[in-house]
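Here's the structure, in structure tokens; my notes come after.
Quick note: the coordinates plus some simple rules give every number you see, no bench work behind them. Keep in mind that this is a model prediction, so the values were computed, not measured. Here the Cβ positions follow ideal geometry from the backbone for every residue, glycine too, while neighbour counts run over all protein chains shown.
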Amino acid sequence: MVRKQVILENLNCANCASKIEDEVNQIDGLNASMNFISKILTLEAEPEYDFSNAMNQVQTIARKHEPDVVVAEKLDPPSAWENATNTGSFPYENTMLLGEHRDDTTIPEIRSGSDPFETTHAVNQDAGKAAANTKKKIGEILFENTLRKQIIKLIIGSVLFAAGMILQLGDWQELILFLISYLIAGGTVILKAIKGILRGQAFNENFLMSVATIGAFLIGEYPEGVAVMLFYLIGEIFENQAIGQSRKSISSLMDIRPDYANRLTGEEIRRLSPEEIKIGDVILVNPGERIPLDGKVISGISQVDTAALTGESIPRELKPGSEAFSGFVNKNGVLTIEVTKTFGESTVSKILDLVQNAGSRKAPTEQFITKFANYYTPAVVYSAFALAIIPPLLISGASFADWIYRALVFLVISCPCAFVISIPLGFFGGIGGASKRGILVKGGNFLEALNHVETVIFDKTGTLTKGVFEVVRVNPQPGFSMDDLITYAAYAESHSSHPIALSILKAYQKGVDFRKIQSYDEIAGHGLKVTAFGKQIIAGNDKFLIEERIPFQNQESSGTTVHIAVNQQYAGNLIISDQVKEDAAAAIKDLKALGVRKTVLLTGDKKSMAEEVSAKLGLDAVFSELLPAEKVEKLEMLDAEKTRKGKIVFVGDGINDAPVLARADIGMAMGGLGSDAAIEAADIVLMTDEPSKIVTAIKIAKKTRKIVVQNLVFAFGVKIIFLGLGAFGAATMWEAVFGDTGVAVIAILNSMRMMNTKRL
């Protein structure tokens with residue numbers, strides 16, 4: 001699938017955002033997902049799909065619901081103007097406006113600044129001319145201007161309102177004074193409502209507020225109509241402030257994008273955009289700078305801060321030969337690094353892309369709220385209409401003015417924004433908080449699923465054990481020396497990156513002459529068959545030698561046994577041991593304390609070693625000597641035993657266990673830092689090798705769900721109470737405004753608690 005992203009600047013209505021998503025999804029051949037928090041609409045289609053016509057439809061749909069929205073398409077690759085600029089970050093990485101900016105200027109190009117939710121902008125009357133970077137952010141400018149205008153309106157409107165209440169004026173003078181105050185405070189709302197009606201969009205908060213307050217004027221409740229609009233304006237100011245602050249909080253969690261790279265060419269150092277650096281280029285990273293691209297350290301020794309990527313507070317030392325990942329912050333020494341990946345393929349780019357698009361995979365609760373909102377508002381509006389008409393006709397002595405007023409209270413309370421905003425914000429905050437701890441969750445659906453984990457299945461090597469193997473014993477057969485055995489083993493394992501292979505090459509302590517290797521064949525789950533020195537060398541497990549019909553001596557050992565055969569003759573074996581991770585036992589204990597019913601070990605290692613690890617950690621079940629396909633079979637067996645809502649998590653390294661990761665309800669890759677395969681294969685990526693991060697992920701999921709439930713109960717509860725009070729005439733319209741905007745502000749502030757991951 002091909003993916004494009006569209007940014008909807010000035011999108012301030014969460015309910016409108018969900019409607020935009022629904023309508024865009026109705027475009028043939030297009031799948032859409034709207035993230036109101038980041039204002040990004042993600043579009044997916046087949047490679048041959050023509051996006052040009054779809055983009056026009058997207059623009060039309062967006063402006064139908066939000067007339068002042070600024071539609072911008074994300075560009076790839078970067079433009080020439082982009083490369084000349086030194087700033088940039090998620091998500092407005094590269095954008096081009098699809099429509100006019102509704103202001104005094106036209107801004108045909110926008111480019112991100114340091115804040116993911118706000119964009120650096122350039123005013124450019126001629127696309128061919130060089131853009132003038134004003135060093136201001138579009139989001140910041142628009143927000144400041146809007147806030148300033150809102151405060152001025154509030155002050156002037158409040159003064160006129162107070163004058164109308166205090167001064168003893170005639171009926172016409174009073175009406176004019178209140179009407180001026182009303183138009184100053186609510187003129188924008190009425191204008192937006194009219195635009196919405198003209199576009200066939202009546203059921204939005206602007207229309208509802210307009211009808212409610214105009215209705216108040218028509219029944220002679222002038223002060224009430226103005227007070228409601230003033231109070232609504234106050235609520236809107238607080239709501240926008242809360243949303244803006246939450247966006248800043250989330251964006252600060254992901255402020256890891258490097259601004260520039262120092263390319264070293266001979267003696268010349270040139271500062272460039274990270275996108276301009278190529279594989280093989282040499283870059284210089286000074287103390288205090290962020291490593292811009294992945295690479296290998298050529299020279300220099302330094303401590304680096306990895307917290308932004310891994311959540312680890314302890315600095316890591318880099319020295320010549322060390323892997324350096326983009327996003328690390330250099331602490332003291334100067335590092336010279338040879339680039340091994342372009343910026344688009346670098347660790348930091350993949351992380352930013354993953355977190356940015358996490359909102360496209362919505363949790364079931366989010367999907368329910370979106371669908372519910374589509375029915376809730378019309379239902380309340382029709383109820384309001386019935387409340388205004390039916391009781392006065394059926395109840396003796398009932399006045400239309402009284403029941404119309406009660407119906408207007410219904411209209412004020414009918415906007416679903418409180419839960420439409422706060423629910424996605426809660427999940428987005430949970431995903432952002434998890435990423436701060438080095439846990440990358442690919443969507444709210446996976447975060448919510450972690451609340452129902454019943455079984456956690458572990459791979460062994462590199463997951464529960466360190467994966468740092470050592471050759472502890474060499475057992476040659478008569479006719480072979482220890483050196484012969486290690487040499488044959490090293491040449492057999494020379495092309496493998498498996499930890500066991502690396503331990504053998506380390507024990508060999510010599511360089512492998514690849515010219516002496518004539519053929520190389522890896523048999524999954526068995527071992528390797530290599531032709532070297534003119535001889536056929538087999539290195540593998542018991543099954544491999546049995547299959548090859550080579551007699552051998554099997555020795556009981558707590559380590560891994562690698563058998564070596566030369567020209568179908570058994571040459572001996574190497575015993576290789578691994579160590580259990582320090583926090584593995586505590587992690588298993590904590591998982592059970594969180595309600596996980598069963599912990600299981602699936603491994604290809606032999607039974608004795610698997611059972612030893614299982615006994616040390618207190619696992620509930622262990623299955624050993626499994627091929628990759630057999631691991632899937634065992635997982636399906638365990639899947640059949642779970643309850644209807646129960647979920648199975650598989651934790652592996654994301655490379656050798658891709659089939660099991662894909663089959664599990666939640667695939668969790670451990671040690672994903674720099675591993676493309678891990679990030680690609682899993683639903684959740686743990687950037688470090690700590691099993692305790694699994695516990696942290698579940699705790700974050702539970703805290704997220706708790707906050708989401710609090711918001712749902714609070715928002716629904718308050719609205720139901722006000723609907724009841726309004727129906728019985730016990731609630732005023734300005735009190736109903738609190739039930740709308742006030743509740744939204746409180747729910748948003750509650751969702752922002754997810755940004756604090758220190759307390760789980």
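A few points about this structure:
- Placing unit charges on the Cβ atoms only, positive for Lys and Arg and negative for Asp and Glu, gives the chain a dipole magnitude near 1260 debye about its Cα centre.
- Mean residue ellipticity at 222 nm, helices only, the chain: -14500 deg cm²/dmol; runs of at least 4 DSSP H residues each add -39,500 (n - 2.57), and the sum is divided by the number of residues.
- Gap separating the Cα centres of the range 586-663 and the range 159-199, nearest whole Å: 67
- The label-point distance for Ile279 and Lys607, in a model that sets each label 7 Å from Cα toward Cβ, rounds to 4.6 nm.
- Our note on the geometry: Cα centres of the range 711-748 and the range 267-299, 55 Å apart.
- By the compact-protein rule of thumb, 2.2 N^0.38 Å, the alpha-carbon radius of gyration of the chain corresponds to a ratio of 1.16.
- Beta bridges assigned by DSSP with both partners in the chain are antiparallel in approximately 80 percent of cases.
- Dipole of the chain, positive end: most advanced residue of Leu425, Met733, Met1 [Cβ charges, Cα centre]: Met733
- Taking a point 7 Å from the Cα of Asp353 along the Cα-to-Cβ direction, none of the residues of the range 411-433 has its backbone N closer than 13 Å to it.
- Shape index of the range 470-577: Rg/Rh, with Rg the Cα radius of gyration and Rh the Kirkwood radius from the inverse mean 1/r over Cα pairs, equals 0.91.
- Placing R0 at 35 angstrom, the Cβ-Cβ distance between Glu636 and Ser497 gives a FRET efficiency of 0.75 after rounding to 0.05.
- Residue ranges 736-748, 304-316 sort as 736-748, 304-316 when ordered by packing (mean number of other C-beta atoms within 10 Å per residue, highest first).
- The range 150-290: C-alpha pair distances exceeding 28 Å, %: 48
- Nearest-0.05 FRET efficiency for Arg473 and Asn53, computed from C-beta distance (R0 56 Å): 0.25
- Peptide packing: for 533-542, 372-381, 443-452, the average count of neighbouring Cβ atoms within 10 Å per residue gives the ranking 443-452, 533-542, 372-381, highest mean first.
- Mean Cβ count within 10 Å, highest first, over the residues of peptides 259-268, 227-236, 560-569: 227-236, 560-569, 259-268
- For Ile155 and Phe728, the FRET efficiency from 1/(1 + (r/R0)^6), where r spans their Cβ atoms and R0 equals 35 Å, is about 0.50.
- Asp542 versus Arg644: modelled label distance in nm, points set 7 Å from Cα along the beta carbon direction: 4.4
- Taking one quarter of the surface of the convex hull spanned by the alpha-carbon atoms of the range 281-403 gives a direction-averaged projected area of 13.3 nm².
- Cβ-isolated cysteines (cut-off 4.7 Å), the chain: Cys415, Cys417
- Note, ³J(HN,Hα) from phi for the range 273-287, Karplus 6.51, -1.76, 1.60, rounded to Hz, x at Gly and Pro: 5, x, 5, 7, 7, 10, 4, x, 5, 10, 10, 10, 10, 8, x
- Dipole of the chain, positive direction: furthest Cα of Asn554, Ser494, Ala163, with charges on the beta-carbon: Ala163
- Rounded to the nearest whole Hz, the Karplus-based 3J(HN,Hα) values (6.51 cos²θ - 1.76 cosθ + 1.60, θ = phi - 60°) of the range 27-38 follow the sequence 5, 4, x, 10, 10, 10, 9, 9, 10, 5, 5, 9, with x at glycine and proline.
- When the C-alpha to C-alpha distance is required to be over 25 Å, the pairs from Lys510/Lys535; Lys460/Lys589; Lys581/Lys706; Lys581/Lys699; Lys647/Lys702 that qualify are Lys581/Lys706.
- Placing pseudo-labels 7 Å out from each Cα toward the beta carbon at Lys535 and Glu323 gives an inter-label distance of 3.4 nm.
- Screening the chain for whole DSSP H helices with an alpha carbon extent of at least 24 angstrom along the helix axis and a mean Kyte-Doolittle hydropathy of at least 0.0 yields 138-166, 171-198, 222-253, 364-394, 417-436, 692-727.
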